[in-house]
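Only one structure is covered here, and it is reproduced in the block below.
What follows draws every value from the coordinates through simple rules; no lab data is involved. On a predicted model such as this, the values are computed, not experimentally measured, just so you know. All Cβ positions, even for glycine, are placed from backbone atoms using ideal geometry, and neighbour counts span all protein chains on display.
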Amino acid sequence: MNNLPVERRRWLKVRIALLGLLLLGYAGRVLLRAYSVQVAEAPVIREHVQRLQTRNVRLSPKRGTIYDRHGAELAVSVDVDTVTANPRELRAAGRDPAATAQQLASVIRGLNVETVTARLASDRAFAFIERHVTPQQGAAVERLAIPGVRLEQEARRFYPNRELAAHVLGFANVDGEGIEGIELFMEDSLRGPEREFEAVRDRRGRVVYSDHLLDSTTQRGQDITLTIDKTIQHIAERELALAVQTFEARAGHVVVMDPNTGEILALANYPTYDPNSPGRFDISSRRNRAVTDRFEPGSTVKPFTIAGALAAGTIRANQTFDCGDGSMVVDEENTIRDSHHYTTLTPAQIIAFSSNIGTARIAATMGRSGLYRAMRRFGFGEQTGLPLPGETGGVLRHYRRWYEMDAATISFGQGMSVTSVQLATAMGVIANGGRLMRPTLVRRVVDADGAMVQDNLPQVRRQVIPTATARLVADMMTAVTGPGGTGIEAAIDGYLVAGKTGTAQKADYVTGGYARDQWLASFVGFVPAESPRLVISVVIDEPLIAHAGGIVAGPVFRRVGEAALRHLGVPPNGGGQALAEHSARLRQARREARIAAREAARAEREGRGNPGASEDGSDDSDVDGEEGVVAARNAYAGTPQPIPAVARREPREGETLVPDVRGMSARAALITLHRVGLMPRFEGSGVAVAQEPAPGAFGAVGAPVRVVLQRPRFDVDEAIDPDESGTVASAARVAAPATGAAP
Amino acid sequence: MSLRNISLRPSAPDAAAPTTSQAPAVAPATGRFPKVTGTADVILAATIIALVFFGVVMVYSASASLAARTFEDGYHYLVRQSIYAVVGLGLMVVLARIDYHRYQASYVTYPILMAAFALLVVVALGGGRTVGGAARWIDLKVVRVQPAEIAKLAIIFYLSYSLSKKRDQLRDFKIGFLPHILVAGVFMLLCLKQPDFGSAVMIGLLTVVLLFTAGTRINYILGAAAIALPMVYLLITGSEYRMRRIEAFVNPFQDRAGVGYQIAESLISFAQGGFWGVGIGDSRQKHAFLPEAHTDFISAIVGEELGLVGVSILLCAFVLVVYRGLRAALHAADDYGTYLATGVTLFVGLQAFTNLSVALGLLPTKGLTLPFVSYGGSSLLVNCAAVGLLLNVSRPRDVSAVLARTEAESTRRANKNDKVDRGEADSAPPKRSRWGAKPSVAASTEETRAHGARANGKGGRARPSTAPARRSRGSSV
C-alpha cells in the first residue's frame, strides 16, 4: 500500500486493523460458543442426548442353546426379521391403512389384510404386522419403504433335528417362552436374566451401543447340555415308531439309561411331533408319555419283589416255591392263576417263567410292609425328579390301605402304577449293584461366558439291595432272554441280556375289570448283564397285532440295544467263546420261538371268532393270568364271582356287552348300564356286589340287569383315610387299578 | 499501476513511441515490479502446512469407519486426501513464487472473472453435478470443481485489480461502488440459482469488506445493505428448505430425526468431547450418527476427539492465519497487494470461523468446508492456491521504487486534472466508451471534489521527484 498517499495509507491501516478486530471477535465468539457447548452446557446436552438417543431397552437375551451330550445342537435360537409398524407414524405420513395392508400383503404371503388394516388404523405406536418372516420377505418389505413400517430382529427357536427328542426338548412359543419339556422346565436358565438398561439407539431405533452389550451374559441365556445321546435317541425313536406301527399300537415309549450314572441317554415317545410347528399336531402327540403316563407294569416288577425278598433274607436263592399247579387261592374268594401250570419253582425259574403264584408266595414271606418298603425303596410311588414338567410318581398306596389281594397282586405289578422312567430307574438298581441312582437329563448348565452354572454329577440316592443280591437277580434275569425264556426276542448277539417281559391287560373302565383286548406290552432290561452299560425300558401301549411283551417290546429292546452298544463301542462276546456259543444257541432258539409265536398269534386270531374258545387259547408263555386276578379285584365280601369263561366274539345286532358294575354305587351302576342301553333292577342298598347277567356276557338292548347291592364292610385295621373314601363308591374305585391313560 | 492510463495518455510529452496499449506489457518484469528483497512469511506457511497435515489425520479418523463400510477400504479417504494435500501444498509453493503483480493486468483479471462467470452459468443452467440437493459441482474427471469457490477467488482478483486501478475515484458512486456491486450481485444471483446461499453471502461479504477496506463511502455500503437485507429475508422465507434450516438452527433438538439432525448430532459430538476430548480415533458419533463427518462437520469430530483444547488450538491456528494474512496486507508493497491479501485472508478466515459456527450451532447450515482440514480436493486446492497468493504478497519488497512509480503516476494524473480543469473537460464528450471515459470523468467529478484539493497539494509536492521516474519509464519503452 506504499503507493498510496500517507493519509489514505493510515486510514487503510485503521480499517484493516478494524477488520482484524472484527475477525478476532468472530473467533472469540466461536471460542466462547465452543466453551459453552463443550464445557458449560455439555452436561445438559449430554443429558438431553441421553433422553433422546438412548432408550430404556428391555433386552431379552438370546435364548440358550440345548445340546446333546456330545455337543450336537438340539435347540437353537436364530435371528429372524419381524415386520412391525408404528401406526401413528404411518398416519402422520398420510398413508391409508387399508392400502398399506394391501401393499404389505403383496409381499408377505398369507397376510391377513383385515387384521393388519385394523392394527394399522389403531392409535398406537407399535403393532406387529407379521412375525418371523423369511429374509426375502423382509427385503421386500424394506424395498417398499413405507414410513413407520420397519423390520426388527427377533430370535426364533429352531429345532434342527425336527422330531428328534421333541418330547424332551418341548418347544418355545413365538415370544421365546418355553411351553413344554426342558424348554419350560429350564425356562429361567435358558431365557437368562432379562435386564433393563440404557442403550444408544440410532435414528431407526436399532441398538447401536451399550456397555451392557459387551457383557455376554446379558446377550445370551444359559446353554444346557443334556444327557441325551443324539444317536441313541434317534435309534430309539426309529425302532419305537417301527414297533408301534407294526403292531398297530396306540402309543409307546422307550427310555434308555446309563445304569452307572443314572443319565438318560434316550427318551422316546410315539406318537411324536415337530417342535418347529407344534400347533400342527394333536395335543396328545405332544405328551411326554414316558414321564406323565402311569400304567400297571405287570410282570416287569417281579424281579424287584424277588430282589427285595432276597435282600430282606426272607427267601434263599435256591429255595423252591409251591406254585399250586397254576392256581393259588388267596382267600375264600380270590384266586391267582398262572397261564402255565407249574408245581414248584425256584426264584430264578419264577422270573424266567413269569409265575404270578410264585411271586405272590415270595411276597408273602415279606409281609405287606416288607413288600411295600421294597417297592418304595426301588423308587416306586414317588417322582424321579427329572427336570420335565408334569412328571407323575405313579401310584403305590400305603400298605395299610391295601385290599386283601393287593399284597399278592402288587408283587407282580397289579394294583400299582408306574412310569417308564421309574421302571428304567428301578431296573438300574439291579444293573448297578443295588444302588439307586438319581436319573438325570441335564448334564450341565453353562452360562454365556462358559462358566459352569450347574454340573449334575451322578448321584446315588441309596443302596436298595446288597450288591451280591443285585448280581444274583441279574443272573436270574438273563434266563428271561435265554432259550425257553419269555424274552428271547430281546436277546442280543454277543451280549448277555438281563431283562423281564411284561404283558399287562389294561384296566377297563366300562367293565370295571381288565379289558380283554387292551394290552400293554413291555420289556425292561439291561445289557451286558455282567457289566451293564445300558438299561432300556420299552413300553408299547395297546398293540393290536400281538400283545406279549416279549414279542412286541422285545425286538425294540434288541435293536436299540444292539445299535447303542455298537455306538458306545462295547465289545461283544464279553464272555468269550462260551458266550459266542451261547449266542449261537440263542439265535436258533429265537428262530424257533418266533415261528411258534407267529403260529400262536394266528391261532389266536382265528380263535377269536370262535365263541367257545377259552382265554387259554393263547399259548404265549408270558400272559400273566390277569383274568384270574380280575375276580380277585372285588374287594367286597360279596359272592365270589370269578369271571366265567365268556365267549370271545363281537356283539351282534341288537346285542350289547354287559358291563361290570360290581363295586359301583347304585347311581354309577345306573349310569353305566344306561349308557349301553340296559335296564338295571336294584336289590338292596349300598354297593353293587353281584349282577346278572354276568359282566362280559351279551345282553339284548333294553334287557333288565339284576344288580345286588350291599352295604360295605370294613376291617378295623384297614382304616381308609376319610378323604380318600368320601363316598363308598370312590373307596371302591381306589381299589380299581390305576390306569395307563391319564385323564 | 495502470496500463490503461498510460496507453490512453494522448497528450503525454514522451509518449510518442508507444502507440498501442500492449507496448508497456511486454516490458521486462524486473523493471516493472518492485524488487523482492526477502522470503515469504514462514510462520504463515508453517501454520498452513500444519493445518493440512492435521486435516489428513482428522479425515482419516473421521472417515475410516464410513470408508470401511462403503468402500471396504478404511484408507479410501486418507489416500485421496493425502494426494490432494501434496498437490495443494505444491500449488501453494508454486504460487508463492509467482510475483502477484503479474495478475495485476486486465488480460489476467477479466479472463479469470469471465471463466468464473461461465462456470457459474454452466452450473446454474443445470450442467453441474448434483450433490445433496444442490448442483454445485462440475466434474472434470480428475477433480471435481466447485465454481463458487473459483468465483470467490475471481471476485478477489477483480476487486483488488479494480479498486487499485480506481484508487482515486473510490468515493465516486458510479465508478468506485456501482460496478463492483453489480459484478458481485450477478455472481451472487448465480450462486443463489444453484442454490448455494452460503457462497452468495460469502461473495457479498468479501465485496463489502474489500470496498470498505479500500475506502468506499460507508453510506453506500449501508444503503446496499438496506436494500439487500429485505431481499435476503424474502429469499429465506420463500424457500422451504432454507426455512427448515433456519428452524433447525433455532432448535436443533426439536426435529432431531429430520432437518435438525445434523446440527444436533454435531452439538452432541462437541458435548461428548468435553474439555479434553475422548481421544483421537475414539469418536463415537462418527460411526453412525454424524453424516459428512469427514467433510463439512469435521470440526465436530475434532471437538469430540480432542475436546475444547483441540478446538481452541484449531481456532488459534486460524486466528494466526488471519493475523499473518492481515499483517501481509499491511506490509504489502502496494494497494493491489493489500487488497489481494485482505481478500484472501478474509476468504480463508471467514470460511473457517463460519464453518465452526455452523458446527457449533451459531449459524444456520451453509455447506461450507473447514479450509485445509475438511476432506475434498476442490476446497483444498482453492484454499492452498489462495494462501500461495498471500504468501507471495507477504514477501518483503523494495518499496522505494513503488513509491516513485506511484507518485509519478499521481503527478501525471494531477497534470491531467489540471488540464481538465483548464477547460478540456468541456471538449471531452460526456458519453465515451465506458472504460475510456472513466478516468477523466472521475477526475472531473468526484475526484476534484473529494480528493482534488489533497491530490493537487500532494502533486505539488511530488512534482519535483516525478522527472526521474518518468525518465526511467520512458527509457524502458
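Taking the Cβ of B:R327 as the center, what net charge do the other residues with Cβ under 12 Å away carry, scoring Lys and Arg +1 and Asp and Glu -1?
My count for the surroundings of B:R327 gives +1.
How many partner chain Cβ atoms sit within 10 Å of a residue's Cβ in peptide B:212-219, on average, as a whole number?
Across the residues of B:212-219, the mean count of other-chain Cβ atoms within 10 Å is 2.
In nm, to one decimal, how far is the modelled label at A:S36 from the one at A:F126, with both set 7 Å along Cα→Cβ?
Once both label points are built, they end up 3.8 nm from each other.
Could the peptides A:485-498, B:351-364, A:139-152 be put in order, highest first, of the mean number of other beta-carbon atoms found within 10 Å of their residues?
A:485-498, B:351-364, A:139-152
Between A:R368 and A:S106, how high is the FRET efficiency from 1/(1 + (r/R0)^6) when r is the Cβ-Cβ distance and R₀ = 56 Å? Nearest 0.05.
E(calc), rounded to 0.05, equals 0.15.
Determine Rg/Rh for the stretch B:39-395; Rg is computed over alpha-carbon atoms and Rh is the Kirkwood hydrodynamic estimate from the same atoms.
When Rh is taken as the Kirkwood radius, the ratio is 0.96.
Just how far, in whole angstrom, is the stretch B:143-214 from the stretch A:446-510 if you go by their alpha carbon centroids?
About 101 Å separates the Cα centre of the stretch A:446-510 from the one of the stretch B:143-214.
Ignore the peptide's own chain and count Cβ atoms of other chains within 10 Å of each Cβ in B:343-349; give me the average, rounded.
Shielding by partners across B:343-349 averages 2.
Any idea how far apart A:L18 and A:D79 come out in nm if each label point goes 7 Å out from Cα toward Cβ?
So the two model labels end up 6.3 nm from each other.
Compute the FRET efficiency between A:R706 and A:R401 as 1/(1 + (r/R0)^6), taking r as their Cβ-Cβ distance and R0 = 35 Å, and round to the nearest 0.05.
0.65
Quick one: check the C-alpha center-to-center distance for the stretch B:40-56 versus the stretch A:115-183, whole angstrom.
Using only Cα atoms to place each centre, the spacing works out to 58 Å.
Which of the peptides A:231-242, A:553-564, B:367-378, B:45-56 is most tightly packed, and how do the rest follow, going by the mean number of other Cβ atoms within 10 Å of each residue?
Ranking, from highest mean packing down: A:553-564, B:367-378, A:231-242, B:45-56.
Stokes-Einstein at 25 °C, 0.890 mPa s, Kirkwood radius from Cα pairs: D for the stretch A:371-425 in µm² s⁻¹?
D = 212 µm²/s.
With a point put 7 Å past each Cα toward its Cβ, work out how far B:F53 is from A:R566 in nm, to one decimal.
Modelled inter-label distance: 7.6 nm.
Would you please name the GluC sites (Glu not before Pro) within the stretch A:323-405 that are DSSP coil residues with at most 11 other C-beta atoms within 10 Å of their C-beta?
A:E332, A:E382
Using mean Cβ contacts within 10 Å as the protection proxy, how do A:167-177, A:291-301 order, highest first?
A:291-301, A:167-177
Partner chain Cβ atoms within 10 Å, averaged over the residues of A:39-49 - can you pull that number for me?
Mean partner-chain Cβ count within 10 Å for A:39-49: 5.
So how many Lys-Lys pairs in the stretch B:39-395 land under 18 Å Cα to Cα, not counting same-chain pairs under 8 apart?
5
Within the set of other residues whose C-beta is less than 14 Å from the C-beta of B:V373, count the net charge using Lys and Arg as +1 and Asp and Glu as -1.
-3
Would you order B:T411, B:T342, A:T246 from fewest to most other beta-carbon atoms within 10 Å of each residue's own beta-carbon?
A:T246, B:T411, B:T342
In what sequence do A:L22, B:L314, B:L120 fall when counting other Cβ within 10 Å, fewest first?
The most exposed by this proxy come first: A:L22, B:L314, B:L120.
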